[in-house]
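Right, one structure below, let's go through it.
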Amino acid sequence: MKHKVFQTFTWLMWLALPITALRFGLAWNHLPPRMATHFDINGRPNGWMPRETAFYTALGITALMVVVFTVVSYVAHKTHAPDAFSWSLLGFFYLVIAFVYAGNSGIVQFNLDGRPVEIDFWTVLVPVALIALTAIFVGSKRGASLPVTDVIAEESHGSRAWSLLFVALLLAQFAVAVAIPAPSARIASTLLGLLFAVVAIHIWTGFQYRFTHAGVEIRTLGFRLRSIPRDEIKQYEVENWNPLRGYGIRGIGNRRAYVWCNKGVRIRTTEGEVFLGHSEPDRIVRDLDSITLNGTGSQVPPG
């Protein structure tokens, strides 16, 4: 039942296309042959295009987003039953589509009567929603806390290079917040800057892997991201990580990866898979050997 409801709401995103077409269609005969479609930070038009091009551009951008959002939502609901993050992600997709529609609708209205394009509300709401979605994702699939036992080994995994990249993004966001006069844009840039600051600190300090007799605990910035009970570990092996899959906390459903480099260890559990990135994956294998029941690297025969 949950799958069907989730799938229904996924396909309802496609209504954005006919709604956008209807918005242009109702005003078509009153729109100028060349429409203002781009505006500076003060809301003054500085870019124009033919009416037909503006229409197809609006539909094209909306269609691209709907296709991407549908594919992601489809994969999410096929791999597991919809959970809090899946519904939150779908809600965020709707928010982004509504934001784009508001922009397109505002452009149509501006070309009808000169009314300014009002997107201040959306400019603040989207970053707030993105931060909330990130928090929900990070907090999902954590599992129950492990019993307190002696720590056998601890490893850390981060990236100075990726951290410096986010520091640059942080500085860029604060520069934008200073340069743009619009209060809503300043708030949005500041919020994104704070998010980039947290991410930069996280990447610099890295993921912490704590190996105990009870299992493996993954943490960052003092926050527990995931617990893997020892009895749920079935098999593990060194694997390379495909850069095209991205870095950071990756995966949906019953798969998670914590990675900032191109190699690590894939752990297969009774609940799914967990990939632990590390520049020296043999150290992770050694630590896993020390906590598994038979110390051979696999509690069950591979297969």
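The values are calculated or read from the model by the stated rules, or taken from the named source; none is laboratory data. Keep in mind the model is a prediction, meaning the values are calculated, not measured. Please note: Cβ atoms are built from the backbone with ideal geometry, for glycine as well, and neighbour counts cover all protein chains shown. Surface areas here come from the heavy atoms of the whole protein model, side chains and all, with no ligands, DNA or RNA. Shrake-Rupley method; radii C 1.70, N 1.55, O 1.52, S 1.80 Å.
Of all residues in the stretch 1-29, which are open to solvent by less than 50 Å² (accessible area, probe 1.4 Å), over 19 Å from TYR56 (Cβ atoms) and among the polar types (S, T, N, Q)?
The one that is open to solvent by less than 50 Å² (accessible area, probe 1.4 Å), over 19 Å from TYR56 (Cβ atoms) and among the polar types (S, T, N, Q): THR10.
Please work out if ASN46 is within 20 Å of ILE107 (Cβ to Cβ) and free of Cβ contacts under 8 Å to residues at least 12 places away in the same chain. Before the answer, list the steps.
Details: within 20 Å of ILE107 (Cβ to Cβ): yes; free of Cβ contacts under 8 Å to residues at least 12 places away in the same chain: yes.
Criteria met by ASN46.
Quick one: would you say ASN29 is part of a helix (DSSP H, G or I) and among the polar types (S, T, N, Q)? Don't jump to the end; show me each part of the working.
Working: part of a helix (DSSP H, G or I): yes; among the polar types (S, T, N, Q): yes.
Here the answer is yes, as ASN29 does meet what is asked.
Could we say that ALA177 is open to solvent by less than 30 Å² (accessible area, probe 1.4 Å) and without any contact (Cβ under 8 Å) to a residue 60 or more places away in the chain here?
Yes; evaluated as a whole, the condition is true for this residue.
Looking at the stretch 52-68 only, could you name the residues that are open to solvent by less than 30 Å² (accessible area, probe 1.4 Å) and under 18 Å from the mean Cα position of the chain (by Cα)?
VAL66
Would you say ALA185 is open to solvent by less than 40 Å² (accessible area, probe 1.4 Å) and at pLDDT below 90?
Details: open to solvent by less than 40 Å² (accessible area, probe 1.4 Å): yes; at pLDDT below 90: yes.
Answer is yes for this residue.
Residues of the stretch 149-163 being touching a residue at least 12 places away in the same chain (Cβ under 8 Å) and open to solvent by 30 Å² or more (accessible area, probe 1.4 Å), which ones? Spell out how you get there, then give the answer.
If we filter the stretch 149-163 for residues that are touching a residue at least 12 places away in the same chain (Cβ under 8 Å), which is where we start, we get 149-160, 162-163.
Residues satisfying the conditions are THR149, ASP150, VAL151, ILE152, GLU154, SER156, GLY158, ARG160, TRP162.
What pairs come up if the first residue lies in the stretch 82-99 and is under 12 Å from ILE136 (Cα atoms), the second is part of a loop (DSSP other than H, G, I, E, B), and their beta carbons are under 6 Å apart, counting only those six or more places apart or on different chains?
Cβ pairs passing all conditions: PHE85/SER140.
Go over the candidates GLY264, GLY277, GLY253 one by one and state the one that is surrounded by fewer than 20 Cβ atoms within 10 Å (Cβ to Cβ), touching a residue at least 24 places away in the same chain (Cβ under 8 Å) and in contact with a His (Cβ under 9 Å, 6 or more places away or on another chain). Give the derivation first.
Details: GLY264 fails: surrounded by fewer than 20 Cβ atoms within 10 Å (Cβ to Cβ); GLY277 fails: surrounded by fewer than 20 Cβ atoms within 10 Å (Cβ to Cβ).
Just one listed residue meets the conditions, GLY253.
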